[in-house]
Amino acid sequence: MRHRSLNAAIRREPAPDLTATVERARAGDQAAIRALIELYQGRVARFILSMLGDDSEFEDVAQATFVNMMLGIERLQAVDIFESWLFRIARNSCLDHLRRRRWRRLFTPWQPHHGEVPAPALEFEDSRLAQIESALTKLPVDQREIILLMRENDWSYGDLARITGATPAAVKSRLFRARTRLRALIRNGDEP
């Protein structure tokens, strides 16, 4: 992962075809909305799957993300922040889902898996990558999300601040703590 200074956190200009697609979607063009969903569904789904830690309900959260995108795209103020705006919607959908999941656990009969956070249902040939993925699931949600966002795209601190609703300084601090804890988890075999 590369780091960019705050001075380099100038908004990136989207590709001309993406700009035109977002503009058409903002005007209500259903084909453009469909094109945006097709363009981003893989990246958003990977982010959501990693945030939730399991694959049983990620499709519902991804669908909610894109429904919220469709409902809110007319209010998007600047085309050049579309991507960070979409990932903020995905982040908020994940956090809402995790809150609901926590409340559901309070009111459902105890099951053996309630105390465990399941690992993502993915197979990795590389044991180091599997170890990193396992350690990621043990990070607190706010630290996990910042690592996953950085893994998904080389966001600037300004972009990450817009997505998470934090200040750039808080993002830098959270990212530092997340990386430090992730390294410790990997070094100690997933033990905090």
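Each value in this text was obtained by applying a stated rule to the coordinates, not by laboratory testing. Note that the coordinates shown come from a computational prediction; the quantities given were computed from them, not determined experimentally. Here Cβ is always computed from backbone atoms with ideal geometry, including for glycine, and neighbour counts include all displayed protein chains.
Observations on the structure shown:
- Taking 7 Å steps out from each Cα toward its Cβ at residue 57 and residue 180 produces label points 3.3 nm apart.
- In sequence order, calculated HN-Hα J values of segment 22-38 (Karplus, 6.51, -1.76, 1.60; Hz; x Gly/Pro): 5, 4, 5, 5, 4, 7, x, 6, 5, 5, 5, 4, 4, 4, 5, 4, 4
- Using a Förster distance of 41 Å, the FRET efficiency for residue 41-residue 188 (Cβ separation, nearest 0.05): 0.70
- Added length on full extension, which subtracts the Cα-Cα distance from 0.36 nm per residue, residue 167 to residue 132: 9.9 nm
- Spin-label model, residue 152/residue 80: points 7 Å from Cα along the beta carbon direction are separated by 2.2 nm.
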